[in-house]
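Below is one structure, written out as structure tokens, with a few remarks after it.
Values quoted throughout were computed directly from the atomic coordinates according to the rules given, and no laboratory measurement underlies them. Remember, it's a predicted structure, so these values are computed and weren't measured experimentally. Quick reminder, even Gly has a Cβ in these numbers, built from the backbone with ideal geometry, and neighbours come from all protein chains shown.
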Amino acid sequence: MSVQTIARRYAAALADVVLAQGEAKEVQQELQQWEELLQSNANLQEVFRNPTIALDRKRGVLKTLLERAKPRPTTANFLKVLLQNQRLTELPEINRKFADTLDVRAGMVAAKVTTAGPVPDEIQTRLIEKLAAVTQKKVRLNFEQDPEIIGGLVTRIGSTVYDGSVRSQLDQIKERMTG
């Protein structure tokens, strides 16, 4: 079974629990912090990844970390389940699927918008309104800057790309003139 399939199953099960308890945002933030902790510490990664280290020792390490961090019981229990099933090292993919699952259940879609420079708030608001009308969903925008596009913007929603960049238009003109 693929890591993505496994991550999707864990994410769906966790989403059921946190939505029922009304703690989705908090658990999502805590799991993101745990992912950052694990990824920033090569020794922790090795402990949880290494099959020669006994599960009881891994539990001890996780218990110590949980006592120091004091996450919500839901987060702590989820991390213990991942450890028990030897999936703790797959937390980054599980977190991605968890975020996707929460978005789908909330009727939300994430859009990545690339611009050459900063985007004023009023333009961001209009962009959200336009994309909400196109997708028929609530839209969460993530902005990225890339001076290579010169001007305009490129919007990616899932696998759909709306390219209104000056760079793209110049490339099309160049192609027509040479083609």
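What is the helix-to-structure angle for 24-40, meaning the angle in degrees between its Cα long axis and the longest Cα principal axis of the chain, kept from 0 to 90 and rounded to the nearest 10?
Once rounded, one gets 80 degrees.
Nearest 20 debye, what's the magnitude of the dipole of region 3-103 about its Cα centre given +1 on Lys and Arg Cβ and -1 on Asp and Glu Cβ?
About 360 debye.
Which aspartates and glutamates does LYS174 reach when only Cα atoms under 18 Å apart count, and residues fewer than 8 places away in its own chain are ignored?
Leaving aside aspartates and glutamates fewer than 8 places away in the same chain, those within reach of LYS174 are GLU148, ASP163.
At a temperature of 4 °C and a viscosity of 1.567 mPa s, determine how fast region 108-178 diffuses translationally according to Stokes-Einstein, using the Kirkwood radius over alpha-carbon pairs as Rh; express D in µm²/s, rounded to the nearest whole number.
Using the Kirkwood radius from Cα pairs, D works out to 101 µm²/s.
Please give the calculated 222 nm ellipticity per residue for the chain, where each DSSP H segment of at least 4 residues contributes -39500 (n - 2.57) and the sum is spread over every residue; nearest 500 deg cm²/dmol?
Helix-only estimate at 222 nm: -20500 deg cm²/dmol.
Can you work out the Karplus-derived ³J(HN,Hα) for every residue in region 82-92? Use 6.51 cos²θ - 1.76 cosθ + 1.60 with θ = phi - 60°, whole Hz, and x for glycine or proline.
So the J values, rounded to whole Hz, are 4, 5, 4, 9, 6, 10, 4, 6, 9, 4, x.
Nearest 20 debye, what's the magnitude of the dipole of the chain about its Cα centre given +1 on Lys and Arg Cβ and -1 on Asp and Glu Cβ?
580 debye
Given a Förster distance of 22 Å, report the FRET efficiency between PHE143 and ASP171 from their Cβ-Cβ distance, rounded to the nearest 0.05.
With a Förster radius of 22 Å, E is 0.45.
Past 27 Å, Cα to Cα: identify those pairs from LYS58/LYS97; LYS80/LYS112; LYS25/LYS63; LYS70/LYS138; LYS97/LYS138; LYS25/LYS70, in the order given.
Over 27 Å Cα-Cα: LYS80/LYS112; LYS70/LYS138.
Check which residues have an amide H placed less than 5 Å from PHE143's amide H, if you skip close sequence neighbours.
VAL113
Can you give the Kirkwood hydrodynamic radius for the chain, in Å, rounded to one decimal and based on Cα pairs?
That comes to 19.1 Å for the chain.
Once the dipole of region 3-103 is set up with Lys and Arg at +1 and Asp and Glu at -1 on Cβ about the Cα centre, which of LEU38, GLN84, PRO71 lies farthest towards its positive end?
The residue sitting most towards the positive pole is GLN84.
What size of dipole, in debye to the nearest 20, comes out for region 108-178 about its Cα centre when the only charges are +1 on Lys and Arg C-beta atoms and -1 on Asp and Glu C-beta atoms?
On the way: 10 positive and 9 negative charges, 61 e Å.
So the magnitude is around 300 debye.
How long is the gain from ALA42 to VAL61 if the chain were fully straight, where each residue apart is worth 0.36 nm and the alpha carbon distance is subtracted?
5.4 nm
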